[in-house]
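J.: My questions all concern the structure below.
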Amino acid sequence: MSEGTMQLRAQRDQRDPQAKRAKRLTRVLVGAAAVPVMLVAAGCSSDSGSDDGKDKAAEESAASKSASPSPTVKAAAYGKLPEPCSVVSKKTLDDLVPKADSGKEGSSNDTAMRAGCSWDSLDDNGVKGSQFRWLSVSMLRFESDVTRGEGEKLAHDYYLKQLKDAQAAEGAKSLKTAPVSRTGNEASVVSYDLKKKEGTFKQQTVVARVENVVVTLDFNGAGLAGDKTPDAGDLVKDAQKAAKEAVAAVMKANDTSAGGKPSGTPQGSGSPSKPASETSSKAPSKSS
């Protein structure tokens, strides 16, 4: 082999390792560049799946909320009131207000929710004086409402308020409060004396609740122009008797026997009751 040929092969052998290293480096760089691309692709795939999961969870949550039932409340037991001037029997009226004309029905824009009637009697005995009597019955019915609650609970709260108002009567003397049995779900009578220029008036207020209806009965009497003052005990018994009849009339108007208790069905809402203008205990507007 000539000297020139040997020199060319030596030069070629020196270049070949450099070429091989260059090729290997190129392959490494290309491979390294491919790794981030794969990672980015994998990252995008992962993020996309996460978003899909969030969207699905949101959809399921919305569907769950839309499927939730609306709030309900037990329906009020009674849906109407009796004719107010007929809640006390004629016989009882003859005993309590013997000289009374027909009852005077109170004004109301919704007699199914609030109603009342009153009677007054003046038994004039000339120079011997006279006996005055005044009777009033008012009824207020409460509907169930999802915001305000069940009609029975609303009626109970109003029952307590009526009792408190009766006990706070201005000028009341010798005030007494006692429970009344067998008259609706709960009942009490408030008795007291009121001294007026015409005489001493004996006032009895019976407040009773039957289901979602509150009955307030006022009965007072006085001996005028020198006639004797009526016995408070007798007036209490008369007031309790009339109140029992009024409660029974409410139950009858709703087709319920004296011992029965209708069951309400769930309802979404009802017309809220507004407190009626109740006829308060008062002194007579006339005297002899």
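The values are calculated or read from the model by the stated rules, or taken from the named source; none is laboratory data. Quick caveat, the model's predicted, so the values are computed rather than measured. Virtual Cβ from ideal backbone geometry, glycine too; neighbours counted across all protein chains shown. Heads up: the accessible areas ignore ligands, DNA and RNA and are worked out on the full protein's heavy atoms, side chains in. Shrake-Rupley method; radii C 1.70, N 1.55, O 1.52, S 1.80 Å.
J.: Show Leu194, Leu122 ordered by accessible area, largest first, where the area counts protein heavy atoms only and the probe is 1.4 Å.
T.: Leu122, Leu194
J.: Still on this structure: Can you give the accessible area of Phe201 in Å² (nearest 10), computed on protein heavy atoms with a 1.4 Å probe?
T.: Roll a 1.4 Å probe over it and Phe201 shows about 0 Å².
J.: Got a sec? What order do Cys117, Cys85 fall in by accessible area at 1.4 Å, biggest, i.e. largest, first?
T.: Output order, biggest surface exposure first: Cys85, Cys117.
J.: Please report the accessible area of Ser130 (heavy atoms, 1.4 Å probe, ligands and nucleic acids excluded) in Å², nearest 10.
T.: Counting only protein heavy atoms, Ser130 exposes about 0 Å² to solvent.
J.: Can you figure out the FRET efficiency of Val127 with Lys237, using R₀ = 41 Å and their beta-carbon distance, to the nearest 0.05?
T.: Efficiency at R0 = 41 Å is approximately 0.85.
J.: Which three numbers, in whole Å and largest first, are the semi-axes of the equivalent ellipsoid of segment 118-163 derived from its Cα gyration tensor as √(5λ)?
T.: 42, 9, 4
J.: Now, a different point. Which of the GluC sites (Glu not before Pro) across segment 150-184 are loop residues per DSSP, with 16 or fewer other Cβ within 10 Å?
T.: Glu170
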